[in-house]
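S.K.: This structure is in structure tokens; I'll ask about it shortly.
Only the coordinates and a few stated rules stand behind these numbers; no lab work does. This is a predicted model, so every value here is computed, not measured. Glycine also receives a Cβ, built like all others from the backbone with ideal geometry; neighbour counts cover every protein chain displayed.
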Amino acid sequence: MSDYQSYTKGHPAEVKVLTRRFGVPNSASIDVSIEHDGYKALKKALEMGPEAVINEVKNSGLRGRGGAGFNTGMKWSFVPKNVPKPKYIVCNADESEPGTCKDRPLMEYDPHQVIEGIIIGGFAIGAHQGYMYVRGEYRYLLDIVDRAIEEAYQRGYLGKNILGSGFDFDLATHTGAGAYECGEETALLNSLEGLRGYPRVKPPFPAVVGLYGCPTIINNVETLSNVPAILLMGAEAYAKLGTPKNGGTRLFCLSGHINRPGVYELPMGFPLRRMIEEVGGGIPGGKKLKCVIPGGSSCPVLTAGEIDVPMDFDSLARIGSMLGSGGVVVMDEDTCMVKALLRIERFYAHESCGWCIPCREGTAWLQALLTRFHDGEGIAQDPDTALDVSFNILGKTLCPLGDAAALPAISILKKFRSEFEEHLKLGACPYERKAVAVG
């Protein structure tokens, strides 16, 4: 999806907040942004004052769109106010979660929206320097974002004495090298400092000891892109777009076995069944649904019988899964769940930084076991061994990458145990055998 039409054909259920300028010619330019309310929220923030901005964001119900889902305003409030050290705000643009592709269009089609959000966030916490840490594979976006930053400097929205307020703020981009691990906030900070992208021990948390040992806030692109809309709409109106404690809209990335894949902006709490059947147009070929990954590959899968659920953080947590990064991956009845899990574990084994033994060794073991098992050389104990390995990774690593590998493994091994038994019985993948027979 590389043109405007892909993001603007939309669906009647969509609520255009973050994507309201998508489809407007030359939407990445500052002139177009200003014509459509760009930087009005910054002016309002400078008049409101830092504490009022934090409270407005807190009351909006905006929760981090990177995966953890923590209240954004609350996170900002943790930054100590009277410290001699400088403060920093970092935009995590290291979008690397499989199944997720929503930060890219925000940077490509409306970079000034996220830049405005970063400046407002910096003002709220008392930071005078911000960084955008951009995924290594998104290098072409650096040109777009750097051009937008230059335009913001030229118009007085960045630099010294912004809009005559006395507030100074500078912003720069920094590219990663394509490491999934650097999407974790402390590994990102190490990378930004020029160190190897290993996670740090927490506590202390970055809000107190972050970049260069100074108080730092890290939010992702989608989170910060919401901030201008919150100030323009007001916290109450924004919160009402979603469900209690889950304010606003969400960019959902629909992919997999779906008739209309794409990025859709829907209210928080939008029903998953409607998302698949109405927004996504159902499954190609009239096939039945087998399962759904609701928020990127690190989330426990939902079976076809579990999709009557609102897509918000709390509702998914209640049924044992997560909203994560909003990457909704649909799998039809002909999907081999053994192979699906192998693909997931191969990714995490490759992306493990190796810092924690349970993650480094456990993901490699899972990959090796599942490879052998899918190739028809499995033994009866393998599913239980894979579960045991997964539980020995879960909760035992410095960062969530280990959990990201363990959680989908546990859910698939438990919910689709019969498929593992069928592989053992046949000594081969039944789905591949079926495909050969049909072909």
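S.K.: Enumerate the calculated ³J(HN,Hα) couplings along the range 413-419 in order (Karplus 6.51 cos²θ - 1.76 cosθ + 1.60, θ = phi - 60°), each rounded to whole Hz, writing x wherever the residue is Gly or Pro.
M.R.: Those phi angles translate into 5, 7, 7, 10, 4, 4, 5 Hz.
S.K.: Give the Rg/Rh ratio for the range 337-438, taking Rg as the radius of gyration of the Cα atoms and Rh as the Kirkwood radius, to two decimals.
M.R.: Here the Rg-to-Rh quotient is 1.00.
S.K.: Sticking with this structure for a sec: Given the options Cys91, Cys429, Cys101, which has the most mean-square fluctuation in a GNM of the chain, springs set between C-alpha atoms less than 10 angstrom apart?
M.R.: Per the Cα network of the chain with a 10 Å cutoff, Cys429 tops the list.
S.K.: Taking 37 °C and 0.692 mPa s as the conditions, I'd like the Stokes-Einstein D for the range 223-301 in µm²/s, using the Kirkwood hydrodynamic radius from alpha carbon pairs.
M.R.: Value of D from the Cα-based Kirkwood radius: 235 µm²/s.
S.K.: Taking the alpha-carbon set of the range 1-109, what are its Rg and Dmax in Å?
M.R.: Computed over the Cα atoms of the range 1-109, radius of gyration and Dmax are 16.6, 51 Å.
S.K.: Report, in degrees rounded to the nearest 10, the 0 to 90 angle that the Cα long axis of helix 50-59 makes with the longest principal axis of the chain.
M.R.: 30 degrees
S.K.: If Lys and Arg each add +1 and Asp and Glu each add -1, what is the summed charge of the other residues whose beta carbon sits under 14 Å from the beta carbon of Pro206?
M.R.: Value of the local net charge: +2.
S.K.: Turning to a different aspect of this structure: In vacuum, with every alpha carbon of the range 379-432 counted as one equal point scatterer, what does the Debye formula give for log10 I(q)/I(0) at q = 0.21, 0.23, 0.25 Å⁻¹? Two decimals, please.
M.R.: -0.76, -0.84, -0.92
S.K.: What order do you get for Leu106, Leu241 when you list them from fewest to most C-beta neighbours inside 10 Å?
M.R.: The fewest-first ordering by Cβ neighbours comes to Leu241, Leu106.
S.K.: With springs only between Cα atoms under 10 Å, which of Ala179, Ala237, Ala41 fluctuates most in a Gaussian network model of the chain?
M.R.: Ala237
S.K.: If each Cα of the chain is one equal point scatterer, what is log10 of I(q)/I(0) from the Debye formula at q = 0.06, 0.07 Å⁻¹?
M.R.: Result of the Debye calculation: -0.26, -0.35.
S.K.: Using only Cα atoms and rounding to the nearest 10 degrees, what angle (0 to 90) does helix 139-154 make with the longest principal axis of the chain?
M.R.: Tilt relative to the chain: about 20 degrees.
S.K.: Mind checking the dipole of the chain: about its Cα centre, +1 per Lys or Arg Cβ, -1 per Asp or Glu Cβ, Debye to the nearest 20?
M.R.: In total the dipole reaches around 580 debye.
S.K.: Hey, what angle do you get for helix 382-393 against the long axis of the chain, alpha-carbon based, 0 to 90 degrees rounded to 10?
M.R.: Once rounded, one gets 20 degrees.
S.K.: When the dipole is taken about the Cα centre of the range 233-350, and only Lys, Arg (+1) and Asp, Glu (-1) are charged at their Cβ, what size is it in debye, to the nearest 20?
M.R.: About 180 debye.
S.K.: Suppose R0 equals 51 Å; then what is the FRET efficiency for Thr371 and Lys40 from their Cβ-Cβ distance, rounded to the nearest 0.05?
M.R.: For R0 = 51 Å, the calculated efficiency reads 0.40.
S.K.: Summing +1 for each Lys or Arg and -1 for each Asp or Glu, what net charge is found among the other residues whose Cβ lies under 14 Å from the Cβ of Leu192?
M.R.: In short, -2.
S.K.: Estimate the FRET efficiency between Tyr153 and Lys81 by the formula 1/(1 + (r/R0)^6), using the beta-carbon distance for r and 35 Å for R0, to the nearest 0.05.
M.R.: 0.80
S.K.: What is the Cα centroid distance between the range 109-154 and the range 379-409, reported in whole angstrom?
M.R.: 37 Å
S.K.: Distance in nm between label sites at Lys396 and Glu277, each 7 Å beyond Cα in the beta-carbon direction?
M.R.: About 4.3 nm separates the two model spin labels.
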